[in-house]
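> A single structure is presented below for examination.
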Amino acid sequence: MFKNLLSLSLIISLLFFACSKSEEPDSGGNSGNKPEKKIVYFGVNLSGAEFGGIYPGIDGTHYGYPTEKDLDYFKAKGLYLIRFPFRWERIQPAMNGELNTTELEKMKLFVKAAEERNMQILLDMHNFGRYCIYCDGKDSKNNQYAIIGNSRCTIENLCDVWIKLAKEFKDYKNIWGYDIMNEPNAMLKTTPWFNIAQACIDAIRTVDTKTTIVVSGDEFSSAKRWKEVSDNLKDLIDPSNNLIFQAHVYFDHDTSGNYAKDYDEDGANIQTGVARLRPFVEWLQENNKRGFVGEYGVPDKDGRWLDILDAALKYLQDNGVNGTYWSAGPRWGDYPLAIQPTENYTKDRPQMEILLKYKSVWQ
């Protein structure tokens, strides 16, 4: 009896200790079911490294990396998860070739700076299921792209770059996940996104069995159309059982995020975001999958968009799904969705008022 009481006491103590270690964050995203006691990470995209459309381009002219000041600002706001978009063409200028050591070092410096601040990084290959096979270095309108599955950009090419990236980043303690491809869309019927994702999962697991792999939904990762275009992703197999499924959502009439019309013309209402997220969240719950919303954003020109954002994030939080706002980074300028602070990091954008209600917190 006394031995049993000691064992019970020890178990309770260990459980309490495990639940109290906020300095050791959960390694990946959250379930679509009832949240467990863990850190629910909300955060932002920190853009810049994927900018430009000119490849490889010139750092500081066509593209640029987010800075330590950016990290400091968002850490102070309690937004600890950073989705970090980068371009395949810059990190690997020739498919199947070696990684660009200069770009790799910049990425590592950024990841290390985040690690020092106890912030989590999601490495996001921001390529839309394509690779630029021709760029004249002058005008991105002249770029030519090959869709993955084409003979000029094969599944094996994507697997190759992710094997090399995983080898480089698997030992960092703050890699929240590998976002293997941003917004695949209009993929080849002969090479569907499911096949590509499964091959990439298998390839990564040959060198890294621990890091979370984040799989975007098909057709621009549409949350609204998830059951229609991404239902088959439930059949993906990860030998490490550590997948997270990613949707994106915007609240304008065509879900593009362009917000070309004003609020009244768009016909939006406060439940627009919730309605568009519901198919994805329901799918997570029905299939016992973990989910994440990697992009959502609203313009700062009408406060009613903020109300939609607020309702959408509350819905996600209530259902144990986290996300990252699109977007921040020092190169956005007057982009209306930008959450980048102004006046030398002293003035918040209007959207921050809402994001502060959904910080990275224990639940």
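> Would you check if there is a residue in the stretch 213-228 being within 16 Å of the chain's Cα centre (by Cα) and part of a loop (DSSP other than H, G, I, E, B)?
yes
> When you scan the stretch 296-311, how many residues do you find that are modelled with pLDDT of 95 or more and basic (Lys, Arg)?
Here the count works out to 1.
> Do we have any residue at all in the stretch 326-338 that's surrounded by fewer than 22 Cβ atoms within 10 Å (Cβ to Cβ), in contact with a Pro (Cβ under 7 Å, 6 or more places away or on another chain) and not in a loop (DSSP other than H, G, I, E, B)?
So far as the stretch 326-338 goes, no, none of its residues is surrounded by fewer than 22 Cβ atoms within 10 Å (Cβ to Cβ), in contact with a Pro (Cβ under 7 Å, 6 or more places away or on another chain) and not in a loop (DSSP other than H, G, I, E, B).
Listed here are the residues, each with its yes/no results for (1) touching a residue at least 60 places away in the same chain (Cβ under 8 Å); (2) touching a helix residue (DSSP H, G or I) at 6+ places or on another chain (Cβ under 9 Å); (3) within 24 Å of GLY297 (Cβ to Cβ).
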{"position": "VAL40", "(1), (2), (3)": "yes, yes, yes"}
{"position": "GLY43", "(1), (2), (3)": "yes, yes, yes"}
{"position": "ILE54", "(1), (2), (3)": "yes, yes, no"}
{"position": "ILE58", "(1), (2), (3)": "no, no, no"}
{"position": "TYR63", "(1), (2), (3)": "yes, yes, yes"}
{"position": "PRO66", "(1), (2), (3)": "yes, yes, yes"}
{"position": "ALA76", "(1), (2), (3)": "no, no, yes"}
{"position": "PHE84", "(1), (2), (3)": "no, yes, yes"}
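> Still on this structure, I have one more. Could you pull out the residue among MET181, MET187 that is in a loop (DSSP other than H, G, I, E, B), modelled with pLDDT of 95 or more, under 21 Å from the mean Cα position of the chain (by Cα) and more than 22 Å from GLY64 (Cα to Cα)?
Result: MET187 is the single residue among MET181, MET187 that is in a loop (DSSP other than H, G, I, E, B), modelled with pLDDT of 95 or more, under 21 Å from the mean Cα position of the chain (by Cα) and more than 22 Å from GLY64 (Cα to Cα).
> Of the numbered conditions (1) aliphatic (A, V, I, L, M); (2) touching a helix residue (DSSP H, G or I) at 6+ places or on another chain (Cβ under 6 Å); (3) touching a residue at least 60 places away in the same chain (Cβ under 8 Å), VAL229 fails exactly one; give the number of that condition.
Condition not satisfied by VAL229: (3).
> Also: For the stretch 51-128, give me every one of the helices (runs of 4 or more DSSP H) that falls completely inside it and has 3 or more residues that are surrounded by fewer than 17 Cβ atoms within 10 Å (Cβ to Cβ).
On the way: elements: 68-76, 88-91, 101-116.
Qualifying helices (runs of 4 or more DSSP H): 68-76, 101-116.
> Can you pull out every residue in the stretch 129-148 that is touching a helix residue (DSSP H, G or I) at 6+ places or on another chain (Cβ under 8 Å), assigned to a strand (DSSP E or B) and touching a residue at least 12 places away in the same chain (Cβ under 8 Å)? Working first, answer last.
First pass over the stretch 129-148, keeping only residues touching a helix residue (DSSP H, G or I) at 6+ places or on another chain (Cβ under 8 Å): 129, 131-132, 134-136, 148.
Now narrow it down to the ones that are assigned to a strand (DSSP E or B): 131-132, 134, 148.
Result: TYR131, CYS132, ILE148.
> Taking the conditions exactly as written (within 30 Å of GLY60 (Cβ to Cβ), surrounded by fewer than 22 Cβ atoms within 10 Å (Cβ to Cβ) and of a type in the set (Asp, Glu)), does GLU343 satisfy them or not?
On the way: within 30 Å of GLY60 (Cβ to Cβ): yes; surrounded by fewer than 22 Cβ atoms within 10 Å (Cβ to Cβ): yes; of a type in the set (Asp, Glu): yes.
Criteria met by GLU343.
Residue-wise test of (1) in contact with an Asp or Glu (Cβ under 7 Å, 6 or more places away or on another chain); (2) among the aliphatic types (A, V, I, L, M); (3) in contact (Cβ under 8 Å) with a residue 12 or more places away in the chain.
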site	(1), (2), (3)
ASP264	no, no, no
VAL274	no, yes, yes
VAL281	no, yes, yes
ALA328	yes, yes, yes
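> Something else about it: Of all residues in the stretch 163-174, which are within 28 Å of TYR296 (Cβ to Cβ) and either surrounded by fewer than 24 Cβ atoms within 10 Å (Cβ to Cβ) or free of Cβ contacts under 8 Å to residues at least 40 places away in the same chain (or both)? Outline the logic, then answer.
Looking only at the stretch 163-174, we keep the residues that are within 28 Å of TYR296 (Cβ to Cβ), and these are 165-166, 169, 172-174.
Of everything in the stretch 163-174, those that are within 28 Å of TYR296 (Cβ to Cβ) and either surrounded by fewer than 24 Cβ atoms within 10 Å (Cβ to Cβ) or free of Cβ contacts under 8 Å to residues at least 40 places away in the same chain (or both) turn out to be ALA166, PHE169, TYR172, LYS173, ASN174.
> Checking ILE175 against (1) more than 19 Å from the chain's Cα centre (by Cα); (2) among the aliphatic types (A, V, I, L, M); (3) under 25 Å from LYS108 (Cβ atoms), which test does it fail?
(1)
> Of the conditions (1) surrounded by fewer than 24 Cβ atoms within 10 Å (Cβ to Cβ); (2) closer than 28 Å to TRP326 by Cα, LEU158 clears all except one; give me its number.
Failing condition for LEU158: (1).
> Hey, another quick one. What are the residues in the stretch 28-50 that are at pLDDT 60 or above, in a loop (DSSP other than H, G, I, E, B) and surrounded by fewer than 20 Cβ atoms within 10 Å (Cβ to Cβ), if any?
As a first pass, look at the stretch 28-50 and keep what is at pLDDT 60 or above: 28, 38-50.
If we keep only those that are in a loop (DSSP other than H, G, I, E, B) as well, we get 28, 38, 41, 47-50.
Passing the criteria: only LYS38.
> Considering each residue of the stretch 250-299, count those that are closer than 22 Å to PRO350 by Cα, β-branched (Val, Ile, Thr) and not in a loop (DSSP other than H, G, I, E, B), and give that number.
Here the count works out to 3.
The values are calculated or read from the model by the stated rules, or taken from the named source; none is laboratory data. Because the structure is predicted, anything quoted here is derived from the model rather than measured. For neighbour counting, all protein chains shown are included, and Cβ atoms are generated from backbone atoms with ideal geometry for every residue, glycine included.
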